[in-house]
Amino acid sequence: MSLKQHIDLEKLPQHIAVIMDGNGRWAKQKGMNRIFGHTEGVSSVRETVEACAELGVKHLTMYAFSTENWNRPMDEVSALMKLLLKTIRLEIKTLNKNDIRLRTIGNIDALPESTLKELKHAIDATAGNKRMDLILALNYSGKSELTRALKNIATAIEQKTVTVEDINEAMIDSHLYTAGIPDPELMIRSSGEKRLSNFLLWQLAYSEFYFTETLWPDFNKEELYKAILSYQNRERRFGMTSEQLK
Ligand code: FPP
């Protein structure tokens, strides 16, 4: 029986962030190369997107390529870029059919031209969709996002459009790639690693973390339901005491 029926739809996280990890290890276990793991990982992306949209999650952010991932072997980077291009091209129709808007966070201008072109096309083609935002973190890292925000704020001060006194959390929020998107209530990482890996450093300040041993290509709808149920069984205190919340 599916765990889906146990989910309290009134207490659904509005934003889920996912670190998709373990593609390489999954492939190695099967005696295949790492790229096979990434290719198989796309089915898990599809399942997760579908499950989130069906439940009514409003924003889903997936860490697809970090600024540090450029350091991987060249053939793997190139295969990941091609896979991204191919997946986006194949999925535009389904995204539109399901009213899902594709967005990105990260410095996408540094992606290969062909991937960037396909990506921009998909972003434009899905821009009017309202059911859920699928946000791909591409050439993203939390530290580079914060550095960019600080530079932009410093420039605004230099140009005297704002003053130091104007700086507050809301202003910093507005200079991040995620401006206008609520912070994730739940962050899921697959493959048993318990690290943040430079993902959404500011935005995850109060998120609940869920770690599963499942390698990304084995992640599926039931795994997602498990993570949401774990989230729903936790008490989010935001610095207060249990008694204050009652
Ligand atoms: C981590 O596994 C995975 C990635 C760095 C890439 C994730 C990409 C995909 C699932 C495919 C494309 C995605 C989209 C959105 C179309 P790893 O290689 O770090 O695994 P390992 O830790 O076992 O080596």
Checklist entry - Under the classification rounded if a/c is under 1.5, otherwise prolate if a/b is larger than b/c and oblate if not, where does segment 76-181 fall, given a ≥ b ≥ c as square roots of the Cα gyration tensor eigenvalues? => result prolate
Checklist entry - Tell me, what HN-Hα J-couplings in whole Hz come from the Karplus equation 6.51 cos²θ - 1.76 cosθ + 1.60 at θ = phi - 60° for each residue of segment 118-126, using x for Gly and Pro? => result 4, 5, 5, 4, 5, 4, 5, 5, 10
Item to check | Ranked Ser191, Ser114, criterion: other C-beta atoms within 10 Å, fewest first | outcome: Ser114, Ser191
Checklist entry - Which one of Pro73, Pro182, Pro112 has the biggest mean-square fluctuation once the chain is modelled by GNM with Cα springs under 10 Å? => result Pro73
Item to check | For Val164, Val45, Val18, order by how many other beta-carbon atoms lie within 10 Å, fewest first | outcome: Val164, Val45, Val18
Next on the checklist: Along its three principal axes, how long is the chain when you only count alpha carbons? Whole Å, largest extent first please.
Outcome noted: 57, 51, 34
Checklist entry - For the chain, what is the mean residue ellipticity at 222 nm derived from helices alone (per DSSP H run of n ≥ 4: -39500 (n - 2.57); sum divided by total residues; nearest 500 deg cm²/dmol)? => result -13500 deg cm²/dmol
Item to check | Relative contact order of the chain, defined on C-alpha pairs under 8 angstrom at six or more residues apart (%) | outcome: 29
Checklist entry - Sequence-distant or interchain residues sharing an amide H contact under 5 Å with Leu186, placed H: which? => result His15, Ala17, Glu208
Checklist outcome for this item: Note: Asp8 to Ser114 extended length (0.36 nm per residue) minus current alpha-carbon separation gives 34.0 nm
Checklist entry - Would you list Glu54, Glu10 from fewest to most Cβ contacts within 10 Å? => result Glu10, Glu54
Item to check | Alpha carbon centroid spacing (whole Å) that separates segment 114-146 from segment 180-246 | outcome: 22
Next on the checklist: Just to confirm the filter: which chymotrypsin sites (Phe, Trp or Tyr not before Pro) across segment 180-246 are DSSP coil and have at most 14 other Cβ within 10 angstrom of their Cβ?
Outcome noted: Tyr206, Phe238
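None of the figures in this text is laboratory data; all of them are computed from the coordinates on show. This structure is a prediction, so every number in the text was calculated from the model and none was measured. For neighbour counting, all protein chains shown are included, and Cβ atoms are generated from backbone atoms with ideal geometry for every residue, glycine included.
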